[in-house]
Amino acid sequence: MKVIVLGAGIIGVTSAYQLAKSGHEVTVIDRQQGPALETSFANAGEVSFGYCSPWAAPGIPMKAMKWLFMHHAPLILRPKIDRAMLSWLVKMLSNCTSKRYAINKSRMLRLADYSRISIAELRAETGIAYDERMQGTLQLFRTQAQLDASGKDVKALAADGIPYEVLDRDACTRVEPALRHVREKIVGGLLTPKDETGDCYKFSGTLAGKAQDLGVNFLWDTTIKALDIESDRVRGVLTSSGWLAADAVVVALGSFSPLLLKRHGIKLPVYPVKGYSLTIPITDATRAPESTVMDETYKIAITRLGDRIRVGGMAEISGYTNDLGQARRRTLEHSVMDLFPGGDARNGSFWSGLRPMTPDGTPVIGATRIGGLFLNTGHGTLGWTMSSGSARVIADLVSGRTPDIDTTDLAINRYQ
């Protein structure tokens, strides 16, 4: 079939590669000049198959009120007259129950674990390199209360057969030796040893090249204007370069997916939640992380990427804005320098991106009520983590095959 993939971030590129492997004639359309130049460009770098949880969780409403008033706040809310924002917030709060948390986390872990298998197979078949490391994620607790609260995550990991270790202070320093310099600041941690790290931008660019080798055509600097739908079936895409015919279309536009789909009567509860990152050169490797450390207090990930440290996190709900607030940079600098002062934070590269978040934390993958129109979007902070598995799922669904994992609860009809 002729398949058009809308969007060339990590989700779009991996989807295009898997669709081409399935024998389809694939075209990817993106408004940028190359792959992964928006949300996938400088994300936190963690590929967290085990550290994989929905933001909507029991106790989050009360925590959120506290976070809003913290000096180095992990959550920033800029309320505005925006029906989509209000609707998303209400739906997100409705998922902050123990029952919904368990359901949503199980979905996420299922897809993340499939993605772990998929990216390993992709590495084996392509030899792709992207500053990758396979040394796990250490969720770091500064207080006993944080360590005690991790029990619900441990329970979910155990239920889904995901390896984990609960660590005391000394064990944390064995996993991340640089923490021995600040051991008095931590009480323990939760290690998910199967997690990985890597540069999402490097991965996307290299895989796009391999997709081209399979015949994928990338149309850069091209604006997507509308879908061409006739008799409840997609026929093509109208772009700034003209009309393109398609037997199937995969929407992988991240936060911008609902803006396109609403013109065609599809309500997709995806809303942008801005994240920030700082990439700094390492000046002292003995005081730098070996893998990814998740600073639970500030909800910030600190990741080793070759000779760099990537510091990423925070959640700013402010609509489709991409400004760089200097207060956010100071929070990133504070977190990394407090734990790993082995980098030059003042000469770091500051960045922000719009994460496409669903209210329940689970991406939307599958067919729509319009024939030939498929969705692969809404991965939130876990697009890099879930990309390879999501791509195989969408390639199977477009091709009429049954995916290797259950995907019935990932489709958009769960919101209907």
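Scanning the stretch 308-344 for residues that are over 23 Å from the mean Cα position of the chain (by Cα) and in a loop (DSSP other than H, G, I, E, B) yields F340, P341, G342, D344. Take the residues in the stretch 132-157 that are assigned to a loop (DSSP other than H, G, I, E, B) and open to solvent by 50 Å² or more (accessible area, probe 1.4 Å), then tell me which one is farthest from L179 (Cα to Cα). Selected residue: E132. Condition first: over 17 Å from the mean Cα position of the chain (by Cα), buried (at least 19 other Cβ atoms within 10 Å of the Cβ) and farther than 29 Å from G306 by Cα. Now tell me which residues in the stretch 261-282 satisfy that. Those that are over 17 Å from the mean Cα position of the chain (by Cα), buried (at least 19 other Cβ atoms within 10 Å of the Cβ) and farther than 29 Å from G306 by Cα: L261, L268. Within the stretch 166-180, does at least one residue satisfy the condition of being surrounded by fewer than 20 Cβ atoms within 10 Å (Cβ to Cβ), out of contact with any strand residue (DSSP E or B) (no Cβ under 8 Å at 6 or more places or on another chain), among the charged types (D, E, K, R) and touching a residue at least 40 places away in the same chain (Cβ under 8 Å)? No, every residue in the stretch 166-180 fails to be surrounded by fewer than 20 Cβ atoms within 10 Å (Cβ to Cβ), out of contact with any strand residue (DSSP E or B) (no Cβ under 8 Å at 6 or more places or on another chain), among the charged types (D, E, K, R) and touching a residue at least 40 places away in the same chain (Cβ under 8 Å). Residues of the stretch 368-403 that are part of a loop (DSSP other than H, G, I, E, B) and under 15 Å from M108 (Cα atoms): G378, H379. For the stretch 291-307, the candidate set comprises residues that are under 15 Å from the mean Cα position of the chain (by Cα) and within 11 Å of T331 (Cβ to Cβ); within that set, the residue that is most open to solvent (accessible area, probe 1.4 Å) is K299.
Which pairs do you get when a residue that is hydroxyl-bearing (S, T, Y), found in the stretch 200-221, comes within reach of a residue that is outside any loop (DSSP other than H, G, I, E, B), reach meaning Cβ atoms under 7 angstrom, with the pair 6+ apart or on two chains? That search, which allows pairs on different chains as well, returns S204/I10; S204/V13.
This table checks each residue for (1) in the same structural domain as A178 (by the TED database); (2) among the hydrophobic types (A, V, I, L, M, F, W, C).
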| position | (1), (2) |
| --- | --- |
| R329 | yes, no |
| G380 | no, no |
| M386 | no, yes |
| D404 | no, no |
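The numbered conditions (1) free of Cβ contacts under 8 Å to residues at least 40 places away in the same chain; (2) under 30 Å from A20 (Cβ atoms) are all true for D131 except (1).
Are any of the residues in the stretch 83-92 within 24 Å of the chain's Cα centre (by Cα), of a type outside the set (D, E, K, R) and on the phi > 0 side of the Ramachandran plot? Step through it out loud before you land on a result.
So the first thing to find is which residues in the stretch 83-92 are within 24 Å of the chain's Cα centre (by Cα), and the list is 84-92.
Filter again for of a type outside the set (D, E, K, R), leaving 84-90, 92.
Pick out the ones that are also on the phi > 0 side of the Ramachandran plot and you get none.
No: the stretch 83-92 contains no residue that is within 24 Å of the chain's Cα centre (by Cα), of a type outside the set (D, E, K, R) and on the phi > 0 side of the Ramachandran plot.
The values are calculated or read from the model by the stated rules, or taken from the named source; none is laboratory data. This is a predicted model, so every value here is computed, not measured. Note that we place each Cβ from the backbone using ideal geometry, even for glycine, and neighbour counts take in every protein chain shown. What goes into the accessible areas is simple: the full protein's heavy atoms, side chains included, and nothing from ligands, DNA or RNA. Shrake-Rupley method; radii C 1.70, N 1.55, O 1.52, S 1.80 Å.
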